[in-house]
Structure formats: C-alpha cells, structure tokens
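Engineer: A single structure is presented below for examination.
The values are calculated or read from the model by the stated rules, or taken from the named source; none is laboratory data. Only a predicted model underlies this, so the values are computations on that prediction, with no experimental measurement involved. With ideal geometry, Cβ positions are generated from the backbone for all residues, glycine too; neighbour counts draw on all protein chains shown.
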Amino acid sequence: MYKKIVVLLFFACTSYFSIAQSIKSPDEFLGYPLGSKYTPHFKIVNYFKYAVAAMPQVMKLDQYGETNEGRPLLLAYVATAENLARLEDIRKNNLRLTGILTDQPGNTDAPAIVWLSYNVHGNETSSSEAAMKVLYELLNPANSNTKEWLKNTVIIIDPCINPDGRDRYVNWFTQMSGKNANPDRQSREHVEPWPGGRTNHYNFDLNRDWAWQTQVETQQRLKMYNQWMPQVHSDYHEQGFNNPYYFAPAAQPYHEAVTPWQKDFQVTIGKNNAKYFDENGWLYFTKEVFDLFYPAYGDTYPIYNGAIGMTFEQGGGPRGGSTVIINNGDTLTLKDRIAHHFTSSMSTIETVNKNNEKLMKEFSKFFTSEKNNGVGEYKSFVISDVNSTRINALKKMLDGNGIVYSTAAISNAKGYNYFSGKEETFNAAGSLVISTYQPKGTLVKVLFEPKTKLADSATYDITAWSLPYVYGLQAYAVKEKMAVTPYIAKIINTVIPETSYGYLVNYSSFEEAKFLAALLNADIKVRFAEKDFTLNGKKFQRGTLIVLKKGNESKLAAFAAAAQKMDVSVTAISTGFMESGNDFGSSKTHFIRKPKVVLLTGKGVDASAAGEVWHLFDQQLNYPLTLINADDFDNISLKNIDVIILPNGNYKFLSDKEQGAALKTWVKQGGKIIAIENAVTQMANNDWGFKLKKEEDEKDKDKKDEQKVSYADIKLFEENEHDGIKSNVAGAIYKLDMDNSHPLAFGYPNYYFTLKQDGNMYEFLKDGWNVGVIKKDSKVAGFVGSRIKDKIKDGTSIGVQDFGQGSIIYLSDDPIFRCFWENGKLLLSNAVFFVGQ
Ligand SMILES: [Zn+2]
C-alpha cells in the first residue's frame, strides 16, 4: 500500500524523537497520586492536552463536541509515529473494509482500531481516572510492551463520555467528604442525592441511547464512531461495590445477530483478562448478568456494527465513595478500582495486538457477508407512508446511524404487514426501502425486524423496539432484495401565499405539534377543528390547526417563517364557511389557550422519566416548562398553572387527604393533570376515579394453586433465577385501539403501539373517555411473563376524565420512553395543548 523504504526512514527519524521525549505521569502532572481523590473533568482535559503537547508525534487530540453544560468531549488517538502520520489513510482503509467507503478495496494488513470509552455513567468514576493512566502508559517511552502493541493497533480513547454527569458526582462528593475519606457506607458521602451523576444533564442514561441518538453527547460521538468503525470497543462501568470485577464473555441472551466469531473473541479477550486478574489474586466473574440484546448499549451497538463490543464492570459506583468497607470486611479503594480498569484496558489492547491478523480478516468478512448475502430472514424493510411527516424523525435517526435508504423501483410486492401482522401484497411504488445488503445491514435487521428472537428472557432491558412501531409508520418486511433507485430528498421550499381570511395546517404528527408550540410561543392565536370538514372540495382531518388573519395581523410573517422552517402543509383560505362540517365560528372549533405547564421533579420522582419530559419541552418542543420539586408541592400556588405533569414517581401529596382535596378543587376549576405510569397507579389507589383491574378469578385461582402444588409445578433449586420472570413484562409492544375522535388521539389512526413495561391493567372508565384500550391478544412483540400474559387484556391504558372544568389524563405507559419512542410524543403534546380546550 505504501513505499516501505520511505516509511522505514520516516519511522527511524520519528522514533529517535520519541525516545528523546518524556512525559509526566498523571500523578506528577496532577500533583497527587491517582486515586487519592477524584479528578474533576477539567483536570482530566488538562492532562490530555498536556500529553498531546508533550508527545505530538504519537498522539493526536480532537474535541468532537460539547455537552449540554458546555464541557468538551474529547477523543485521543495514540499510534506509532509512523501510523499517526498516516492516520487518515488508516481510517479510510478501515472504512473500505466495511464497505462504507467504496473508492477502492480495503486491505486487512492494517492496524486494528481499539476504541476505549470511559465513564459513560457519570457516577461510575474510577474509569476516567484509569483513562489517564492508560494514556500515560501508551505514551510512556519506557514502556516497551505498549510500544510493541502499538505497532499494529491504533488506540482511540474517549476519556469521559458523560462529563456533566461525572462532574455532578465529583463536585458533590468533594463537598461532602473531609480530608480523610470515610469508608462507612452509611456516611453521607456514600449516599448520592437526586438525580445522581449517572445520567447526563437531562437525566438520560447515555448507555441506553447509542442507536437512538436522542442526546447531544451520543449524536456527536456516533458521528465520529461511524467515521472510524473500530474493530474493538470497550465500555467501562461500575456496579455495586460488593461485586467482583466483570468482563466478557457476556451473559445470555445474545441477540441472534451476534456472530460465532464475536462470541469467540470475547472469550479470547476474557481469558487474557483472567490471566492478569489471576496473577493479582483478584476476583472476577464472566458470562453472567450483562447480556447482549438491547441495541443501544456500548457493547451491543458496536457488535451490530461488526466490532467486538464489551462491557467492563468494576465494583464501586457512587455508593463506594473513594473508600468503602465491603461485605467481606475488605476495604475497596478508588486506587483498587483504577488498577482493575487499567489492567483490563491494557490486557484488551494486548489481546488485539496478538490476534491482529485473524481480527482484521473476520472484521472484513462480517461486512463482505452483509454485502453479498444481506442479513436475516427479511432483506428489505419498506416504509409505505412516505408522505407522512412522521418519516422525518425516522430519516434523521437512520442518517445518524449511517444507514442508507432508497426508493422502491417496483410496485407489486409481498411482505409482512407490521400493523395487521399478516403476510400481504402491497403497492411499494415510491416507498422508502431500507436494505440489509449494506455495511449497516446487521443493525438494520436488529432495529427493523418485526419480532426479535429471545433465547433467554432474563434480560437487563426491554425486549422489543421494532422501528415501524416506535415511529408509527406503515411498513412491510420483505424477504427479497428489492429493486431500488437512489433516494432523492424532497426539496423544502414552502411558499406561504398571502391570505384574506387565514390558514389551515394539517396536524398528523409530532412535527406539527412542534409547529403549534412555535405558534403559541409567538403569541399567534390558534384554533383547532374538533371534527373533519371539507373546504374547496378538500377534506381536512380533525385536529387541523386554524390560524385566522383576524387577530394575527402583525404575526403573519412569524407564522410564514415557522411554517417554512418546519415544513408543514399549509393551505390559504378565503372563507370560514365550510362545505361540510363545522364553520370556524362553531363551538366545535376550539381556541387554544397558551398553557402554563409544570413538571414535578426531584426526590420521589423517577429522574429518567422526569428528564424525558424536560428534554421533550426544552429541546424538542422548545416550549416553556416550569420544573417544581415534588417535595415543595404543598407550598406552591396553583393559581396560574394550567397543566401539571406527574411523571413516573411516588407522590406523597396524592396519598394525603387534604392535599389531594386541594388538587381536586384546582382540577374542578379548570386545571389539568397528566399522570404517567406509577403516578396513574397511585391515583388509582387513592380514589381519583381511574381503577386498577382486580382479577378476582385470578386471585381465587392463585389461592388454589397455593394449596395444591402438583408435580409439574415443583422446581429445582437451580431454576430459582427464572421464577421471577413469569411475572415480568420486560418491555413489550402492545397494540392499543384508539378513539381518535378524542382530541388526545388527534393525528393518530385508530390504533397506537405502546411499550408496556408492567402488568397493570385499568378498568374501562364509565364516566370518562377510554382513548386507548387493550383488547384480547394485543401483544405484538417482546417478552411477557406467562403469569401476567392473560391479565393484559380488556382494559384501558389511556384514559381521560373530565372533572368539573378541568381534566385528568391517565397515560399508564411511558409514551416517550427514553425519548426514542417517537410516536408517543404526539400523545403527550395533545394532552398538553388540545385536551380540555
Ligand atoms: Zn454503568
């Protein structure tokens, strides 16, 4: 690939310089021994900056982005001087091996790329400390081992994926502990306050976000990841402090997309780790707890992208402080935790160095197979409602993952209809086609296939995420490779014509909800139609937004600007007289009062659930939201509040008679409560009108079961792990029948796919609106335990109760789970802007 002589000469010169150079260790640079205290993020950044200045021939440092709170996100590249000088060539060659770059064939006789990611969970702090030591030993000219390894590896280090979370923890810990850290686990420095440092600024778990990329940290990092496509990715974590170290091989269930080679090489890496841990007499475990299934982890995502992805877990976490006495009486210190992460990092690099040839060939094979054979049973996923604005969010997500899509070149096709659950013929003309014959083919299979095979249900996370359900898009899974033409993006050039009377805006997805929020922010007066109507021979759906010229004279330019920016469908009108349906002066046309919205947050509230709503309003709807701590609730004035959102949590005031009565009075006077998940359960248990279904028959049956244990029921001791699973809903997709004549369901067809994560079922409301109900056999995908499978039917999942002049909206499932459950965002928006207007 290159001229050897030139390179050898170049190598000789640069290694002369490297030998002449030296670098301070983290201890020397920081002025304290690593592990004696926590290092704030800026000092980690300083060390990396110092290192690149000291050793520029063998290290490169890039800032690839910034966190919500403005902290830098860094990638360090460490290579031999020779490889660093041709780093761009190495990167391109690597992309050629994947088929992402197609200008020429790739060469497997090349350095392997090892990507080490530290501190994705901010309060699992030892790993970023270890990152400094790893960097130092890779650079340290006196370390001959690492110099040998670097000959055929390029190391990419992300010293801290989640700097905002890390500093939240480190700053707090530093304030709470004295000169002498306290190993007593009851002392305050071991008990982190709400919301904790695990998550990012908006309380998102970044190790659940890889595929979805809802967060800025992920978006910016994945852009880099897809430019490199490493052979190995290691993700460093901490777990409860009593646990020994965990490294690969991972636990079951493995997704069926994991290849035999990926499984094998996890074992190879694990065995080398074991060798060093054995030498030190350290305890560890493998093959348990940490599975390979859900696609948005730091191990599975790289695996579905052809790499060996691995999770490493050190005992410690936030409760470990910087020193702690564990159950066996030993003291676990931050220094120990750093030593373990450092050792497994080094051992991983060594294993890659020793297996370069095989690793590179297998990596290349993974992508050649995708290119030649596609992946899985279904080779093409076809999205047929291409004109829906819902498709925008999907395309953004596919782009973020480097997934290529095309347009169908045929019209007659046959495939599995996601919405009917049947094999059907359909018209594919103009549809969006996502093929598995591409470098991201495995990821495509994992994200799109209608049902994911689950070998063992004891997983760590949800078991269903098939994208057509997540995005609410009509789709088909087709077994053949389809003829396609390149996708041509629609040119957005919405011209908003002058109007004598006003405008109509189609309302069918979260895109239009964002537009509505923009109009309300600009104090534009907006109405919506409660029923379908016809004007100039064109039918408009209920929910259509109506913006009249009268009253908005000075705001029409702002209206046009927002419509152009957000690409919504606008129709200019010259009359309020409808050919069929209600005229705009009718009581069936509702004026939208701009609501003041409060989100309850803080202690007792599920931080992630609150974070989702916060992110939705702040970053997506761009609509004002007031965050109030649930603890302060009895002290606040409800007078100027229109909407209170209760995310998943446990609210003291709901169980308090006096406060409950005050809240009811507020609703009667026109207030609106949006209760989600456990807030719904709690209201059901406290006489708010919505009732949990009591399964009397089932209870009787259970009693009988308790009395008589048959031989078939007795279990072996070794089966104890799986007993709980029978009552488990690990996160499964259910089809709800929707009453889309209710404003809560405007923009939806008469069904909606919900992610169900518990076994709760609610009684049909007699005096309210059963907007989303589960009939019999409504499970579409995912795992549900045998014990509660029969319970999830014939009940309400989404309900609305009119209460005096106000209303209560019950959303028993999380409609915006991790903010990747795209299709539920409209539901929450409708609850805020439409219901009760
Ligand atoms: Zn973790």
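Engineer: Being touching a strand residue (DSSP E or B) at 6+ places or on another chain (Cβ under 9 Å) and part of a helix (DSSP H, G or I) is the filter; apply it to the stretch 229-267 and report the residue that is farthest from S127 (Cα to Cα).
Structural biologist: Only one residue fits best here, namely W261.
Engineer: How about the stretch 75-112: which of its residues are part of a loop (DSSP other than H, G, I, E, B) and under 26 Å from P159 (Cα atoms)? If you could, list the steps in order and put the result at the bottom.
Structural biologist: If we filter the stretch 75-112 for residues that are part of a loop (DSSP other than H, G, I, E, B), which is where we start, we get 79-80, 86, 99-111.
Those that are part of a loop (DSSP other than H, G, I, E, B) and under 26 Å from P159 (Cα atoms): A79, T80, R86, A110, P111.
Engineer: State which residue pairs qualify: first residue farther than 13 Å from A607 by Cα and inside the stretch 183-199, second residue polar (S, T, N, Q) and outside any loop (DSSP other than H, G, I, E, B) in any location, beta carbons under 7 Å apart, and separation of 6 or more residues or different chains.
Structural biologist: P183/T323; P183/T331
Engineer: Looking at N280, N273, can you tell me which residue is exposed (fewer than 15 other Cβ atoms within 10 Å of the Cβ) and under 30 Å from I325 (Cα atoms)?
Structural biologist: N280
Engineer: Could you pull out every one of the strands (runs of 3 or more DSSP E) wholly within the stretch 371-459 that has 3 or more residues that are touching a residue at least 24 places away in the same chain (Cβ under 8 Å), surrounded by 18 or more Cβ atoms within 10 Å (Cβ to Cβ) and not charged (D, E, K, R)?
Structural biologist: Here the list reads 380-383, 412-417, 432-435.
Engineer: Quick check: anything in the stretch 491-511 within 23 Å of the chain's Cα centre (by Cα), hydrophobic (A, V, I, L, M, F, W, C) and closer than 22 Å to A393 by Cβ? Break it down into steps so the answer makes sense when it comes.
Structural biologist: Narrowing the stretch 491-511 to residues within 23 Å of the chain's Cα centre (by Cα): 509-511.
Next cut, hydrophobic (A, V, I, L, M, F, W, C) only: 510.
From what's left, closer than 22 Å to A393 by Cβ: 510.
Yes: the stretch 491-511 contains one or more residues that are within 23 Å of the chain's Cα centre (by Cα), hydrophobic (A, V, I, L, M, F, W, C) and closer than 22 Å to A393 by Cβ.
Yes or no, residue by residue, for (1) within 25 Å of Y752 (Cα to Cα); (2) among the β-branched types (V, I, T); (3) touching a strand residue (DSSP E or B) at 6+ places or on another chain (Cβ under 6 Å):
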{"residue": "S388", "(1), (2), (3)": "yes, no, no"}
{"residue": "G400", "(1), (2), (3)": "no, no, no"}
{"residue": "K414", "(1), (2), (3)": "yes, no, yes"}
{"residue": "Y418", "(1), (2), (3)": "yes, no, yes"}
{"residue": "G421", "(1), (2), (3)": "yes, no, no"}
{"residue": "G430", "(1), (2), (3)": "yes, no, no"}
{"residue": "V433", "(1), (2), (3)": "yes, yes, yes"}
{"residue": "V444", "(1), (2), (3)": "yes, yes, yes"}
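Engineer: Considering only residues that are assigned to a strand (DSSP E or B) and within 15 Å of the ligand (Cβ to nearest atom), which ones fall in the stretch 278-308?
Structural biologist: Result: D291, single match.
Engineer: Still on this model: In the stretch 240-270, what count of residues is obtained for those that are within 16 Å of the ligand (Cβ to nearest atom), more than 16 Å from P295 (Cβ to Cβ) and at pLDDT below 95?
Structural biologist: The number of residues fulfilling the criteria is 1.
Engineer: Here's another thing I want to ask about it. Starting from the stretch 102-129, take each residue that is at positive phi and list its partners that are part of a strand (DSSP E or B) and within 16 Å of the ligand (Cβ to nearest atom), counting only C-beta distances under 9 angstrom and pairs at least six apart or across chains.
Structural biologist: N119/D158; N119/Y236; N119/H237
Engineer: Can you tell me which residue among K531, K525, K555, K550 is more than 30 Å from the chain's Cα centre (by Cα), over 24 Å from L827 (Cα atoms), at pLDDT 95 or above and in a loop (DSSP other than H, G, I, E, B)?
Structural biologist: K550
Engineer: So, in the stretch 87-130, exactly how many residues are farther than 30 Å from L332 by Cβ and among the acidic types (D, E)?
Structural biologist: Summing the residues that are farther than 30 Å from L332 by Cβ and among the acidic types (D, E) in the stretch 87-130 gives 4.
Engineer: Of the numbered conditions (1) modelled with pLDDT of 95 or more; (2) within 16 Å of the ligand (Cβ to nearest atom); (3) out of contact with any His (no Cβ under 7 Å at 6 or more places or on another chain), T311 satisfies every one except a single condition; which is it?
Structural biologist: (3)
Engineer: If I ask for residues that are in contact with a Phe, Trp or Tyr (Cβ under 7 Å, 6 or more places away or on another chain) and closer than 17 Å to I157 by Cα, which ones from the stretch 32-58 would you list?
Structural biologist: Y47, Y50, Q57
Engineer: Also, I was wondering about something else. So, Q239, is that one farther than 23 Å from H341 by Cα and surrounded by fewer than 23 Cβ atoms within 10 Å (Cβ to Cβ) or not? Write out each step before concluding.
Structural biologist: Details: farther than 23 Å from H341 by Cα: no; surrounded by fewer than 23 Cβ atoms within 10 Å (Cβ to Cβ): yes.
Answer is no for this residue.
Engineer: So, in the stretch 90-134, of the ones that are away from the ligand (no atom under 16 Å from the Cβ) and more than 22 Å from P302 (Cα to Cα), which residue ends up surrounded by the most Cβ atoms within 10 Å (Cβ to Cβ)?
Structural biologist: That would be M132.
Engineer: Here's another thing I want to ask about it. Among the numbered criteria (1) closer than 29 Å to N226 by Cα; (2) at pLDDT 95 or above; (3) crowded, with 24+ Cβ neighbours inside 10 Å, which one does F293 miss?
Structural biologist: Single failed check for F293: (2).
Engineer: Scan the stretch 224-239 for residues that are within 16 Å of the ligand (Cβ to nearest atom) and of a type in the set (S, T, Y) and jot them down.
Structural biologist: Result: S234, Y236.
Engineer: Residues to consider are P260, P159, P253, P163; find the one that is surrounded by 20 or more Cβ atoms within 10 Å (Cβ to Cβ), farther than 30 Å from V324 by Cβ and not hydrophobic (A, V, I, L, M, F, W, C). Working first, answer last.
Structural biologist: On the way: P260 fails: surrounded by 20 or more Cβ atoms within 10 Å (Cβ to Cβ); P159 fails: farther than 30 Å from V324 by Cβ; P163 fails: farther than 30 Å from V324 by Cβ.
On inspection, the qualifying residue turns out to be P253.
Engineer: Still on this structure: Would you be able to say whether some residue in the stretch 276-288 is touching an Asp or Glu at 6+ places or on another chain (Cβ under 7 Å) and not β-branched (V, I, T)?
Structural biologist: Among the residues of the stretch 276-288, not one is touching an Asp or Glu at 6+ places or on another chain (Cβ under 7 Å) and not β-branched (V, I, T), which makes the answer no.
Engineer: Report those helices (runs of 4 or more DSSP H) wholly inside the stretch 607-702 carrying at least 3 residues which are at pLDDT 95 or above, over 19 Å from L744 (Cβ atoms) and of a type in the set (A, V, I, L, M).
Structural biologist: Working: elements: 607-615, 652-655, 657-668, 678-684.
Because the criterion is at least 3 residues that are at pLDDT 95 or above, over 19 Å from L744 (Cβ atoms) and of a type in the set (A, V, I, L, M), the helices (runs of 4 or more DSSP H) in the stretch 607-702 that meet it are 607-615.
Engineer: Which of the residues spanning the stretch 314-351 are more than 13 Å from the ligand (Cβ to nearest atom), buried (at least 24 other Cβ atoms within 10 Å of the Cβ) and part of a strand (DSSP E or B)?
Structural biologist: Scanning the stretch 314-351 gives a single hit, V324.
Engineer: Against the condition in contact (Cβ under 8 Å) with a residue 40 or more places away in the chain, assigned to a loop (DSSP other than H, G, I, E, B) and out of contact with any Pro (no Cβ under 8 Å at 6 or more places or on another chain), how does Y32 come out, does it pass?
Structural biologist: Criteria not met by Y32.
Engineer: Given the options R188, R168, name the one that is of a type in the set (K, R), modelled with pLDDT of 95 or more and surrounded by 21 or more Cβ atoms within 10 Å (Cβ to Cβ).
Structural biologist: It is R168.
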